[in-house]
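Working notes for the structure below.
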Amino acid sequence: MSNVEFYDVVIIGAGPAGSVSAAYLHKQGKKVLVLEKEEFPRFVIGESLLPHCMDHLEETELLDVIKQADFQVKNGATFFLGDKQCSFDFTDHYTDGWKWTWQVKRADFDKLLIDEVEKKGVIVRFRCSVTNVNCSAKNQEVTYVDENGTARLVQANYIIDASGYGRVLPKQFKLDQPSDLEGRGAIFTHVIDKNRQEGDGNNITVHSFRNNTSWIWVIPFADGSTSIGVVSENEHIKELANNNASGFNDFVSNFKGLNGRFLNMEQLFEPKHLLGYSIGVKHMYGDGYVLCGNSTEFLDPIFSSGVTLATASGLLAAKLVNRELNNEKVDWQVEYEDYLKEGIEVFRSYVKAWYSGEFHEIIFAKTIHQEIKRQISSVLAGYVWDKSNPFIKKHKTILKSLAKVTKIKSRQLILKNLLGKILSPNNKSFTVFI
Ligand code: FAD
């Protein structure tokens, strides 16, 4: 055993969660090893960021390198339903925090982050796939297969599982838990966006269809290409993916709300599809290990929360691991799992309200109060732990109640107009009180 390498912390995975964790722990003087299965750059979906992730990049001194890359600035999100539309503007949201972020090709973004982490002095090994982990209160052992196919063993005081969709520890320790969200999938590609109009670039657009169950994302990048994807029930995605994704190509070419923008689009890669990605986890920590990012829970892509939850959890996990390694007492349940779940639960309420139609009811109403919009904007900007925001504090009930009131009001308005027309057929001024 004397030849076995020893680290303070081994991090599994070099996505945003792993990079943020590694950068923080290295800054605290800890000896860190990152093991990453792939060669970077590698493709991963999740391209529209939220302003709150800028806080995590800034705190770990990873923001400057991303700033220099001139990614597409993102100022908000615009939702469409038929001919209705509603835009949320991050430049004027309720919480005191970042007012903008980026839209990024993750291959480039993730590589910049991990390269910067490596430059700082963290040891990063690519094409090294973790195959087994032995955890205990005192000492952790990690087995991985290196780029030559050789099995290797390293030891550590702590393991951070940031393996994303790989879910290394949830699989090994049987921590996976089915999501309470309906099984959905997505099909997507990148295209040369020849028809992009001035101003189309700086937000994500989302087009809802099939009675709130499905939607299209359009995420423009700085290099003139755009990510386009369809999210729907698994069966629908399978249909769109058949015959070399001919269904998907026809669908986005002819989708009314896109006005032919993607007709005869040149694709940068064959459309890829993913099914049933929503998943939960029984525990987020245990003796000698902690899970972060997509290794914990993945909800749904509708509000682009994935990377922000990954950086939030990666940073918090690193802070608590650092404290524990410094012999400070950490209450992992309260300080980690309960805290993270608060933010995840806020997003869960919004995801559910999106698919139930309640969110549609609110945002596509004839009028939406400006302050309500600012408060919802902060949720969409990722500031989901700000309990001074009523749309966070009361997330379980407020959307339902507001949707109900909005529905009643819009019915009253329709009734009022109708009565007005009946009682005053010649368009003479007539007031109806309801
Ligand atoms: P990842 O980015 O997945 O990184 C994990 C790394 O671990 C990978 O590089 C992987 O190779 C490595 N790994 C895996 N197994 C092993 C192993 N055994 N050994 C060593 N390394 C391993 N999020 C957003 O913020 N915005 C969006 O617009 C958005 N859109 C999405 C659309 C869809 C359809 C889906 C499904 C998700 C979307 N997401 C989005 C979510 C986003 O993809 C993830 O939340 C995010 O990538 C999680 O980051 P991470 O660091 O946890 O994991």
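The values are calculated or read from the model by the stated rules, or taken from the named source; none is laboratory data. As the structure is a prediction and not an experimental result, all values here were calculated from the model. A quick note on method: Cβ atoms are made from the backbone with ideal geometry, for glycine too, and the neighbour counts reach across all protein chains shown. For accessibility, only protein heavy atoms count, side chains too; no ligands or nucleic acids. Shrake-Rupley method; radii C 1.70, N 1.55, O 1.52, S 1.80 Å.
Worth a mention:
- Residue count for segment 59-84, restricted to those that are surrounded by fewer than 19 Cβ atoms within 10 Å (Cβ to Cβ) and free of Cβ contacts under 8 Å to residues at least 60 places away in the same chain: 8
- Tallying residues that are among the β-branched types (Val, Ile, Thr) and over 21 Å from Leu380 (Cα atoms) within segment 170-225 yields 4.
- Residue match in segment 225-239 (condition: modelled with pLDDT of 95 or more and on the phi > 0 side of the Ramachandran plot): no
- Residue match in segment 232-253 (condition: within 13 Å of the ligand (Cβ to nearest atom) and open to solvent by 60 Å² or more (accessible area, probe 1.4 Å)): no
- Residues in segment 188-202 that are over 16 Å from Gly257 (Cα atoms) and open to solvent by 30 Å² or more (accessible area, probe 1.4 Å): Ile192, Lys194, Glu198, Gly199, Asn202.
- Considered as a group, the residues in segment 377-402 that are under 15 Å from Tyr94 (Cα atoms) and among the hydroxyl-bearing types (Ser, Thr, Tyr) include one that is most open to solvent (accessible area, probe 1.4 Å), and that residue is Ser388.
- Breaking point among (1) open to solvent by 30 Å² or more (accessible area, probe 1.4 Å); (2) part of a strand (DSSP E or B), for Ser227: (1)
- Lone qualifier among Lys329, Lys319 - being open to solvent by 30 Å² or more (accessible area, probe 1.4 Å) and closer than 15 Å to Ser19 by Cα: Lys319
- Checked against the criterion of being away from the ligand (no atom under 13 Å from the Cβ), in a helix (DSSP H, G or I) and buried (at least 21 other Cβ atoms within 10 Å of the Cβ), segment 276-295 contains not a single residue that satisfies it.
- Matching residues, segment 25-44, being within 9 Å of the ligand (Cβ to nearest atom) and open to solvent by less than 30 Å² (accessible area, probe 1.4 Å): Val34, Leu35, Glu36, Phe40, Val44
- The set of residues in segment 61-80 that are out of contact with any helix residue (DSSP H, G or I) (no Cβ under 8 Å at 6 or more places or on another chain) and either within 17 Å of Lys27 (Cβ to Cβ) or of a type in the set (Val, Ile, Thr) (or both) comprises Asp64, Val73, Thr78.
- Among the residues of segment 150-187, the one identified as touching a Pro at 6+ places or on another chain (Cβ under 7 Å) and open to solvent by 10 Å² or more (accessible area, probe 1.4 Å) is Asp176.
- Entry remark, segment 229-247: residues being out of contact with any Phe, Trp or Tyr (no Cβ under 6 Å at 6 or more places or on another chain) and either of a type in the set (Asp, Glu) or within 21 Å of Arg106 (Cα to Cα) (or both) number 4 in total.
- Any strands (runs of 3 or more DSSP E) falling wholly within segment 143-204 and containing at least 2 residues that are out of contact with any Ser or Thr (no Cβ under 8 Å at 6 or more places or on another chain) and more than 10 Å from the ligand (Cβ to nearest atom): 151-161, 176-178
- Odd one out for Ile114, checked against (1) open to solvent by 30 Å² or more (accessible area, probe 1.4 Å); (2) within 11 Å of the ligand (Cβ to nearest atom); (3) assigned to a helix (DSSP H, G or I); (4) of a type in the set (A, V, I, L, M, F, W, C): (1)
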